[in-house]
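Worksheet: one structure, shown below.
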């Protein structure tokens, strides 16, 4: 194929003329792009600092900052292609169609996303709370956008989808500053009930981890076929709860041993019936 030198020259001149005419738009578009990227980073850092100073939740701070970052990037990209002379209306329509398709295919994920937003905004739980939900319990380690991460007492990691978490029952043991223990101590029918109750009250008063206000409740809970059940309900701070729980049981057992009071062992209905038949 033979090329005509005059035709090549014409094409080259046309290309140079178009480049010269288009170069201001090209230069200004890239200036907007680079300056915009730098400005977006500055704005994002500034917003993060403001939210941190306002003591917002770390999860909410990170999410809002990341969301703002991507929104500004999309606006910057649309401005960039618009400056190049590309029609943006069709581009926006394509983005909308893509967003609808992605939304329909990720309905479950969107439900978890909405649940995460509800948890972050209304704060039924926060990082560090000990909760029980969806049949599991543990300390909230991280509230992500789609899942909430729990660490159990035996150091296992559990991820709960935020959609299920936000729509189900949540027991938050850490929301209040103090917590009540519900203990049951069974004694034999040969025991003096008043004496046993007084011993338990002395044990509770001698434990500094048991709060005196509100006062602990010690009363007869139930009379079973094999034992008298005494309800022991002391209060403690969340920090001292489990230590107080264990110490109360141990101290009551030791005090009963000194007083000669026998704690009635648990007797099942089948074993009790079998013993009676013998």
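Just a few scattered comments:
- Residue in the stretch 217-230 that is in contact with a helix residue (DSSP H, G or I) (Cβ under 6 Å, 6 or more places away or on another chain), under 17 Å from residue 187 (Cα atoms), in the same structural domain as residue 182 (by TED's automatic domain parsing) and at pLDDT 95 or above present: yes
- Residue in the stretch 154-175 that is in contact with a strand residue (DSSP E or B) (Cβ under 8 Å, 6 or more places away or on another chain), surrounded by 12 or more Cβ atoms within 10 Å (Cβ to Cβ), part of a helix (DSSP H, G or I) and without any contact (Cβ under 8 Å) to a residue 60 or more places away in the chain present: yes
- Evaluation of residue 242 against (1) modelled with pLDDT under 95; (2) in contact with a helix residue (DSSP H, G or I) (Cβ under 9 Å, 6 or more places away or on another chain) (one fails), failing number: (2)
- Residue match in the stretch 82-90 (condition: part of a helix (DSSP H, G or I), at pLDDT 80 or above, surrounded by 12 or more Cβ atoms within 10 Å (Cβ to Cβ) and in contact with a helix residue (DSSP H, G or I) (Cβ under 7 Å, 6 or more places away or on another chain)): no
- Note on the stretch 131-153: residues that are out of contact with any helix residue (DSSP H, G or I) (no Cβ under 8 Å at 6 or more places or on another chain), over 17 Å from residue 168 (Cβ atoms) and in a strand (DSSP E or B) amount to 3.
- Only one of the listed residues (206, 137) is at pLDDT 90 or above, closer than 30 Å to residue 265 by Cα, outside the structural domain of residue 62 (by TED's automatic domain parsing) and in contact with a strand residue (DSSP E or B) (Cβ under 8 Å, 6 or more places away or on another chain). That residue is 137.
- Residue match in the stretch 104-118 (condition: farther than 30 Å from residue 151 by Cα, out of contact with any strand residue (DSSP E or B) (no Cβ under 8 Å at 6 or more places or on another chain) and at pLDDT below 70): yes
The values are calculated or read from the model by the stated rules, or taken from the named source; none is laboratory data. What you are looking at is a predicted structure, and each value in this text was computed from that prediction instead of being measured. FYI the Cβ positions are ideal-geometry reconstructions off the backbone, even for glycines, and counts take in every protein chain you see.
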